[in-house]
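The values are calculated or read from the model by the stated rules, or taken from the named source; none is laboratory data. Bear in mind that the values here come from a model prediction, so they are computed numbers and not experimental data. Positions of Cβ are generated from backbone atoms using ideal geometry, with glycine treated the same way; all protein chains shown enter the neighbour counts.
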Amino acid sequence: MTSPSMPNPTTFATPSDREVVVTRVVDAPRRLVFEAWTSPKHVPLWMLGPEGWTMPVCEIDLRPGGAWHFVWRRADGTEMGMHGVYREVSPPERVVHTESWGADWPETINTLVLSEQAGKTTITLTVLYPSKEARDAALKTGMKEGLSESLARLAEHLRTAA
Amino acid sequence: MKPRGYEKHRPKRLDQVFAALADATRRDILARLASGEASVAELARPFAMSQPAISKHLKVLERAGLVSRGRDAQRRPRRLEAKPLAEATQWLENYRRFWEGSFGLLDTLLDELKAREREGERPNP
């Protein structure tokens, strides 16, 4: 199996004061992307964020009103859980669900849209916060990255998004 | 003007910060200020732009809390304010770390799924 040396860029945008939009192109038909995104068999293999995390719990009841629950775990035992409810399920192109990290976190509404062109799929994930205040509260988590490193990365993101 | 203090910067400025960062000239100005304070004339020099044009960009950056004015009354040097920028970048950084890590693994999984399908298309021996 060969994987491309340069991965496709992931772009991040804030089109309104309540939203964050993440966009990424993958080299596969959307039928497969939908499967990878919504099957408990596949999700724990990839939705792991930065290195060092596993997903020991992945429950998905993929239907409107159905619940989902993910738990991530790090080698040192740290765990993070996330849960929500599906609102719309339209294979292979669209899923809308709520997402919450717990009582102290704002519940977001996440919309996944998959569009296919020439065998490639554009993934567009829109995260909608209940209010601008709630979105801004999300930034109070962690502040450990060095400024210059972050600035360089941000500039890179913005150039990519432009 | 209110006294400057990091505790005064509230995340409500985030949208102004992102709007300010959406312009290439303003990002270049911030990059220049990251290596030390500079006067408007010094900032204008590398750009093919008048000082009033640079001042306009600086106003946007100041409103977003990204740039402040130093004490020297003659030069009125501008300096980078690290906190709101760090807040804005950290916020994107959380998304970036999570999704870029995940998408890399998704690429690998999709390659496997495609290969498995190709296998499945072959007639059984």
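Among the residues of segment A:44-60, those identified as out of contact with any Lys or Arg (no Cβ under 8 Å at 6 or more places or on another chain) and closer than 13 Å to B:Gly104 by Cα are A:Leu45, A:Trp46, A:Met47, A:Leu48, A:Glu51. With respect to being buried (at least 18 other Cβ atoms within 10 Å of the Cβ), touching a Lys or Arg at 6+ places or on another chain (Cβ under 9 Å) and under 23 Å from B:Leu109 (Cα atoms), A:Trp72 falls outside the description.
For every residue, the table says whether it meets (1) surrounded by fewer than 19 Cβ atoms within 10 Å (Cβ to Cβ); (2) at positive phi; (3) small (Gly, Ala, Ser); (4) modelled with pLDDT of 85 or more.
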{"position": "B:Pro3", "(1), (2), (3), (4)": "yes, no, no, no"}
{"position": "B:Val40", "(1), (2), (3), (4)": "yes, no, no, yes"}
{"position": "B:Ala48", "(1), (2), (3), (4)": "yes, no, yes, no"}
{"position": "B:Leu61", "(1), (2), (3), (4)": "no, no, no, yes"}
{"position": "B:Gln74", "(1), (2), (3), (4)": "yes, no, no, no"}
{"position": "B:Arg78", "(1), (2), (3), (4)": "no, no, no, yes"}
{"position": "B:Ala88", "(1), (2), (3), (4)": "no, no, yes, no"}
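Among residues of segment A:90-119 being in a strand (DSSP E or B) and in contact (Cβ under 8 Å) with a residue 40 or more places away in the chain, the one that is surrounded by the most Cβ atoms within 10 Å (Cβ to Cβ) is A:Leu114. With respect to A:Glu51, is the statement that it is more than 17 Å from B:Leu110 (Cα to Cα) and over 17 Å from the mean Cα position of the chain (by Cα) true? Against the criterion (more than 17 Å from B:Leu110 (Cα to Cα) and over 17 Å from the mean Cα position of the chain (by Cα)), A:Glu51 does not qualify. The residues on offer are A:Gly49, A:Gly77, A:Gly81, and the sole one that is over 22 Å from A:Ile109 (Cβ atoms) and among the small types (Gly, Ala, Ser) is A:Gly77.
Among the criteria (1) more than 10 Å from every other protein chain (Cβ to nearest Cβ); (2) touching a His at 6+ places or on another chain (Cβ under 7 Å); (3) in a helix (DSSP H, G or I), the one A:Val57 does not fulfil is (3). Being farther than 30 Å from A:Asn8 by Cβ and assigned to a helix (DSSP H, G or I) holds for only one residue in B:Glu117, B:Glu42, and it is B:Glu42.
For segment B:67-84, a residue qualifies if it is more than 7 Å from every other protein chain (Cβ to nearest Cβ), without any contact (Cβ under 8 Å) to a residue 24 or more places away in the chain and of a type in the set (Gly, Ala, Ser), and exactly one does: B:Ala73. The combined condition, being in contact (Cβ under 8 Å) with a residue 24 or more places away in the chain and touching a Gly at 6+ places or on another chain (Cβ under 7 Å), is not fulfilled by B:Glu87.
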